[in-house]
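Quick notes on the structure that follows.
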Amino acid sequence: MFRKGEKIGQYKLVKKLGSGAFGEVWLADREGKLGTSQVAIKLLREVQDLVQLKREVEVWVKACSPRHDNVLLIFEADIADEQPFIASEYASGGSLDDWLKANNGIASSIEQAIHLTIEILKGLEHLHSKSIVHRDVKPQNILFLSQPGNGQDVIVKLADFGLAKALGNSDTTGMFGTAAYVAPETLSPEEEMQSRRYSPQSDLWAVGIVLYQLVGGKLPFPQSTPAVFMAILKKDYPPLPDSVPSVLKEVVAKSLEKDLDKRYQSAREMIEALQYCRLRLNKDDNQLGPYHLIRELGKGAFGRVFLAERRGKFATTRVAIKVLLGQQAYEIIAKEAQVWVKAS
């Protein structure tokens, strides 16, 4: 329907990036008086889908207010020459789906898998803070501004808000999303689940599926439709390979709890669990500064306490070390330290 070189308003179509039931996505040049910039432009095949497009734009604009590093930015939504379109930030690194296909379906390291998952969760944390549930988290909707390397400099962007909903809206019935990534509660026929059918926990289930893929190299529920729905509801996923550390297996297990009350209750909670994994998997044999972590003594709302050794030239001293995780770690440590010093 659309072709290279065609102009939609001020946008000139350069290359087709993808297509779906709604229409097509193209790389386009926006030709201005002072220069040309590139955008991704989403074009609807049928004008009858205008109501759905307006709903998507409303949610997307809300998701970008304020702007967040891990949410694809929307530039403009309009109709030009009777053609509805959405122009957004262009992610030149492609999708996580493309990247997995080019890399044998698996992350190059456990550290890379943890980093990518944390980035996805940061985007979801922002959406959930705006009372938005994505409802279609999957590798095709996770984009990169540039090609991922082995480092942690890749910027992950959540995209495609066609199925996203603002909490409190009435469209809570029915099944939305992609079969392999839908959470059990979205499939439940039980009446009491209607009000909880889509929640932040259903997005976190989908992140758990993506994390399983990143470290396991395959889907946990690979069955075809409709058998996959019964598997999600009733079956356990296959064990992850022995090469996956047990501390990370625990994160996968909690994110894929069929009972959503036992699942992570927020993206922040899952981020902190992955930060803890990163700490435990430190290449310097659990070395934290001058301290060697021996074993965990306990945990609380703000972090964990470890038995640790400080190994000096003349002696080794055993201490308890409190490790705080999360956004407010520095503030909390500073305040607690001030009170502790004063008390001493």
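Every number here is computed from the coordinates shown, using simple stated rules; none is lab data. Keep in mind that what you see is a predicted model, and the values were worked out from it rather than measured. Using ideal geometry, Cβ is built from the backbone for each residue, glycine included, and neighbour counts are taken over all protein chains shown.
Taking 0.36 nm per residue of separation and subtracting the Cα-Cα distance, what length does fully extending residue 336 through residue 246 add? Walk me through the numbers before you get to the answer.
Numbers: separation 90, 0.36 × 90 = 32.40 nm, distance 3.19 nm.
Full-extension gain reported as 29.2 nm.
What is the order of 120, 114, fewest Cβ neighbours within 10 Å to most?
So the ranking, lowest neighbour count to highest, is 114, 120.
As a footprinting exposure proxy, order 24, 336 by other Cβ within 10 Å, with the fewest listed first.
Numbers: 24 17, 336 13.
Ranking 24, 336 by Cβ neighbours within 10 Å, fewest first, gives 336, 24.
Helix-only mean residue ellipticity at 222 nm, the chain, DSSP H runs n ≥ 4 weighted -39,500 (n - 2.57), per residue, nearest 500. What is it? Let's see the in-between values first.
Values: 8 runs with 105 residues, N = 344.
Rounded to the nearest 500, it is -9500 deg cm²/dmol.
For residue 2 and residue 282, calculate 0.36 nm times their separation in residues minus their Cα-Cα distance, and state this gained length in nm to one decimal.
Difference between extended and current length: 95.8 nm.
I want to check the label-to-label distance for residue 14 and residue 58. Put each point 7 Å from Cα in the C-beta direction and report it in nm to one decimal.
3.3
Relative contact order of the stretch 76-141: what whole-number percent is it, with Cα pairs under 8 angstrom and at least 6 residues apart?
Numbers: 27 pairs, mean separation 19.9, N = 66.
30 percent.
Can you tell me the relative contact order of the chain? Whole percent, Cα pairs under 8 Å, sequence separation 6 or more.
On the way: 563 pairs, mean separation 38.6, N = 344.
RCO, the chain: 11 percent.
Just to be sure I follow: if Rg is taken over the C-alpha atoms of the chain and Rh is the Kirkwood radius over the same atoms, what is Rg/Rh?
Numbers: Rg = 22.8 Å, Rh = 22.2 Å.
My calculation puts Rg/Rh at 1.02.
So, by mean Cβ neighbours within 10 angstrom, what's the order for 61-71, 134-144 with the highest one leading? Could the numbers behind the result be given before it?
Working: 61-71: 15.5, 134-144: 23.4.
The densest-packed peptide leads the list: 134-144, 61-71.
Arrange the peptides 303-315, 6-18, 204-216 so that the one whose residues have, on average, the most other Cβ atoms within 10 Å appears first. It would help to have the intermediate numbers written out before the result.
Working: 303-315: 13.7, 6-18: 15.7, 204-216: 24.2.
Ranked from most to least packed, the peptides come out as 204-216, 6-18, 303-315.
The stretch 1-75: percent of C-alpha pairs farther apart than 20 Å?
Details: 1120 of 2775 pairs.
Roughly 40 percent, rounded to a whole number.
How do 317, 117 line up, fewest other C-beta atoms within 10 Å first? Don't skip to the answer; put the middle values down first.
Values: 317 10, 117 26.
In order of increasing Cβ crowding within 10 Å: 317, 117.
Relative to the longest principal Cα axis of the chain, at what angle does helix 110-129 sit, 0 to 90 degrees, rounded to 10?
Rounded to the nearest ten degrees, it is 60.
Over 16 Å, how big is the tail of the calculated P(r) for the stretch 221-307, in percent of all Cα pairs? Could you put the intermediate results ahead of the total?
Details: 2423 of 3741 pairs.
Within the stretch 221-307, distances greater than 16 Å cover 65 percent of Cα pairs.
Within a Cβ distance under 9 Å of residue 86, other residues only, what is the Lys/Arg minus Asp/Glu net charge?
Result for the local shell: -2.
Rank-order 239-249, 97-107 by packing density, defined as the average count of other C-beta atoms within 10 Å over each peptide's residues, highest first.
Top to bottom by mean Cβ count within 10 Å: 97-107, 239-249.
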